[in-house]
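Remarks on the structure that follows.
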Amino acid sequence: MNCSKRVSSMQASPIRKLVPYATKAKQNGIKVYHLNIGQPDIKTPDGFYDVVKNFNEEVLAYATSEGMPELLEALQAYYKTYDMNFEKDELLITNGGSEALLFTMMAVCDPGDNILVAEPFYTNYNGFAQCVNVEINPVTTKAEEGFHLPSKDVVLSKVNDKTRAILLSNPGNPTGTVYTKEEIEMIAEIAKEKNLWIIADEVYREFVYDGLEYTSFGNIESVQDRVVIIDSVSKRYSACGARIGSIACKNKELIAQILKLCQGRLCVPTLEQLGAAELYKTPVSYFKEVNDEYKRRRDVLYNELMKVDGVICEKPTGAFYILAKLPVENAEDFVIWMLEEYNKDGETVMVTPAEGFYATPGLGKDEVRLAYIFKEEDLLKAAKTLADGLKKYMEIKK
Ligand SMILES: Cc1ncc(COP(=O)(O)O)c(C=O)c1O
């Protein structure tokens, strides 16, 4: 029996595909520090669990396809705090930001179309696009420029007659880059000039450090008919397992079209939606605390990386990732070696090879993404272990 070309040609998630090596290391009694995945250890706010514990309906029924009123209202109120005013029929609740991205791609592209994406990008963009026969059209950004966007002319030169949308994660995963107001406005101008949708992946909206100003596409008035905002409680409230995301768009026609996809998959889990509605009522002071924590962690990891000969990286200003260039030829080989061959006092580290965050062949081969999602003391230990492993690997490969 043959499987479809669509699924066979899909990439395995570069973030998850090396997990079996980590599993084997653990079976051999090695402790593995997982800096490879964006699963934060921050406590999920109590409100989520309180609602779930107090649920006492006799039947756990389907929810409405567009999302439950409780959650839609809470989401509306959340957006209002950012001066974004969405009607209820301009919002849809989805199974994580992942489904929101997939549905949006399906709704704005036909097979063979392409979406402009700043690379390196969140690797699943590629997976979702492959799933629906859409191409990622990469605009390359560089470590030495803090992964900021190239000039308008360069971006424009990538647009062709099959380009339907520009997709930007802000702050960026895996780069941690927070785009400037000028960059956001430049993308808005291009979208208008070339009649493109803007898919604004803002799942890390609150994670911005060093007092930087954050500009959401939701606040650029001139493009509101073409902006689709993707959101999620996964990182925002450290509730990855809830699988609650959303689509916000003032273009009611697009929402009506995506609603058909939502109806096809019936609904998003009921209990998690009620819990997520509580999450969206979390006071803003929560973000101050969490951000201070992430900023300290970023500094610990960045400072340790800077001590390692040959490691090149910019200090990220958002999200919770660092993309680092290592003095190795093949980062994936190094990651596997760390899991198969190396340990220091019974401990090792797993990071993600960055090649899968690029669509341009050959880029990112010597880069890795590290997520600073542990407490400082563990992070420091992990960073020191990684540095030691890298030194040993370099000696062997000399
Ligand atoms: C940039 C970005 N967008 C979307 C997602 C999807 O998240 P979820 O499906 O958990 O909401 C992630 C998850 O890591 C992400 O990093």
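Count of region 194-214 residues, restricted to those that are open to solvent by less than 10 Å² (accessible area, probe 1.4 Å) and away from the ligand (no atom under 16 Å from the Cβ), is 2.
Scanning region 104-138 for residues that are assigned to a helix (DSSP H, G or I) and either away from the ligand (no atom under 12 Å from the Cβ) or closer than 17 Å to Ser9 by Cα (or both) gives Met105, Met106, Ala107, Val108, Asn124, Tyr125, Asn126, Gly127, Phe128, Ala129, Gln130, Cys131. Restricting attention to region 300-321, the residues that are touching a Gly at 6+ places or on another chain (Cβ under 6 Å) and either open to solvent by less than 20 Å² (accessible area, probe 1.4 Å) or outside the structural domain of Tyr372 (by TED's automatic domain parsing) (or both) add up to 4.
Residue check: Tyr78 meets all listed conditions (1) in a helix (DSSP H, G or I); (2) under 30 Å from Thr163 (Cβ atoms); (3) within 16 Å of the ligand (Cβ to nearest atom) but one, namely (2). Give the residue, chosen from Ile220, Ile230, Ile244, that is more than 12 Å from the ligand (Cβ to nearest atom), at pLDDT 95 or above and among the aliphatic types (A, V, I, L, M). After applying the criteria, what remains is Ile220.
Of all residues in region 116-125, those being out of contact with any Leu (no Cβ under 8 Å at 6 or more places or on another chain) and either of a type in the set (Asp, Glu) or open to solvent by 30 Å² or more (accessible area, probe 1.4 Å) (or both) number 1.
Screening region 223-280 for residues that are more than 22 Å from Asn291 (Cα to Cα) and hydroxyl-bearing (Ser, Thr, Tyr) and picking the one that is least open to solvent (accessible area, probe 1.4 Å) gives Ser246. When residues in region 281-299 are screened for being open to solvent by less than 30 Å² (accessible area, probe 1.4 Å) and among the basic types (Lys, Arg), 2 of them pass.
A quick yes/no check of all residues on (1) over 15 Å from Leu390 (Cα atoms); (2) touching a Ser or Thr at 6+ places or on another chain (Cβ under 8 Å):
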site	(1), (2)
Glu272	yes, no
Asp292	yes, no
Asp309	no, no
Ile312	no, no
Pro316	yes, yes
Tyr342	no, yes
Ala354	yes, no
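Restricting attention to region 346-377, the residues that are open to solvent by 10 Å² or more (accessible area, probe 1.4 Å) and among the aliphatic types (A, V, I, L, M) total 2.
In this entry, Glu99 passes the filter for residues that are open to solvent by 10 Å² or more (accessible area, probe 1.4 Å), more than 13 Å from Phe217 (Cβ to Cβ) and not assigned by TED's automatic domain parsing to the domain that holds Ile322. As a summary of the residue check, Leu91 satisfies the conditions (1) more than 16 Å from the ligand (Cβ to nearest atom); (2) in contact with a strand residue (DSSP E or B) (Cβ under 7 Å, 6 or more places away or on another chain); (3) not assigned by TED's automatic domain parsing to the domain that holds Tyr372 except for the one numbered (1). Taking residues in region 170-188 that are assigned by TED's automatic domain parsing to the domain that holds Asp210, and partners anywhere that are surrounded by fewer than 24 Cβ atoms within 10 Å (Cβ to Cβ) and not in a loop (DSSP other than H, G, I, E, B), the pairs with Cβ atoms closer than 6 Å and at least 6 places apart or on different chains are Val178/Val208; Met186/Lys152; Ala188/Val223.
For residues that are without any contact (Cβ under 8 Å) to a residue 24 or more places away in the chain and closer than 15 Å to Thr352 by Cα, scanning just region 1-18, find the one that is surrounded by the most Cβ atoms within 10 Å (Cβ to Cβ). It comes out as Lys17.
Please enumerate the residues belonging to region 109-126 that are more than 21 Å from Ala319 (Cα to Cα) and not aliphatic (A, V, I, L, M). Residues satisfying the conditions are Cys109, Asp110, Pro111, Gly112, Asp113, Asn114. Residue-level check: of (1) surrounded by 20 or more Cβ atoms within 10 Å (Cβ to Cβ); (2) more than 16 Å from the ligand (Cβ to nearest atom); (3) of a type in the set (Lys, Arg), Lys181 misses just (1). The residue of region 139-158 that is surrounded by the fewest Cβ atoms within 10 Å (Cβ to Cβ), among those that are on the phi < 0 side of the Ramachandran plot and not in a helix (DSSP H, G or I), is Ser151. Restricting region 29-68 to residues that are touching a strand residue (DSSP E or B) at 6+ places or on another chain (Cβ under 6 Å) and assigned to a loop (DSSP other than H, G, I, E, B) leaves a set whose member that is surrounded by the fewest Cβ atoms within 10 Å (Cβ to Cβ) is Ile30.
The values are calculated or read from the model by the stated rules, or taken from the named source; none is laboratory data. What you see is a predicted model, and the numbers here were worked out from it, not measured in a lab. Note that we place each Cβ from the backbone using ideal geometry, even for glycine, and neighbour counts take in every protein chain shown. These area figures cover heavy atoms from the full protein model, side chains too; ligands, DNA and RNA do not enter into them. Shrake-Rupley method; radii C 1.70, N 1.55, O 1.52, S 1.80 Å.
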